[in-house]
1. If the chain between I71 and R149 were fully stretched, how many nm would it gain, using 0.36 nm times the residue separation less the Cα-Cα distance?
2. Largest first and to the nearest Å, give the Cα extent of segment 91-131 along each principal axis.
3. Rounded, prolate or oblate: pick one for segment 53-108, where a ≥ b ≥ c are the square roots of the eigenvalues of its C-alpha gyration tensor, a/c under 1.5 means rounded, and failing that, prolate if a/b is larger than b/c, else oblate.
4. How high is the relative contact order of segment 54-168, in percent, with contacts defined as C-alpha pairs under 8 Å that are six or more residues apart?
Amino acid sequence: METKAQKARATGNADQMEALKERQTQLMNGAESLYLQALKLYTTSLRMLPHAEVAEALFSLGTLQYRLGKIDKALESYIKLIRDFPDSELVPQAHLAIGEIRFESGDWREADQSFSMVLNMSPTVATACASYMEGWTNLRRGFFSLARRSFLECAVPPSTLPGRGDSTAKHLSSECASAIAALDAQNADSSEPK
């Protein structure tokens, strides 16, 4: 089934394409407005929430700040969650989020430290994600054998992680298996005489 954009491209209708682009921009602006409203609500609610709910609010606030491009604020929210609520079930996800932010900025060493923090915790889907991201961090740093080991740790059967049948764990396991195959193929190619 073709989308409107595909049909417009196929027919060469420039006016229809322009209208679709304009509508997409309107929707994106509307979404950003909603994010800003949610950000304001979370920031205000932090002062009024019962202590038990603040960790979840901090994590959501960090996620909203990240999506709005407020990277430093997002990091502050995640770090505050980790510092003030060390027993929260969201701590591994906060470390993972920090690691992903560091990864995106090219700060491989800091990213690796955050992923390692998650990997030292009880196995969850977050630890599988951390292992996957640690593999990519090591790969970007040129540590191929470490990358392969991280991908191997991630390529565990999803049923071994809490939250069995979780689609994220299944997807990560598959991605890690693909990365291992690519690394092995690259290693085989580089060791062949030319």
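1. Numbers: separation 78, 0.36 × 78 = 28.08 nm, distance 3.00 nm.
Stretched out fully, the I71 to R149 stretch lengthens by 25.1 nm.
2. 27, 14, 13
3. On the way: a/c = 2.33, a/b = 1.44, b/c = 1.62.
Taking the square roots of the gyration eigenvalues as a ≥ b ≥ c, segment 53-108 is oblate.
4. Details: 137 pairs, mean separation 19.0, N = 115.
Taking the mean separation of contacting Cα pairs over the length of segment 54-168, I get 17 percent.
Just so you know, all these numbers are worked out from the coordinates, no wet-lab data involved. Note that the structure is predicted; figures quoted are calculated from it, not measured.
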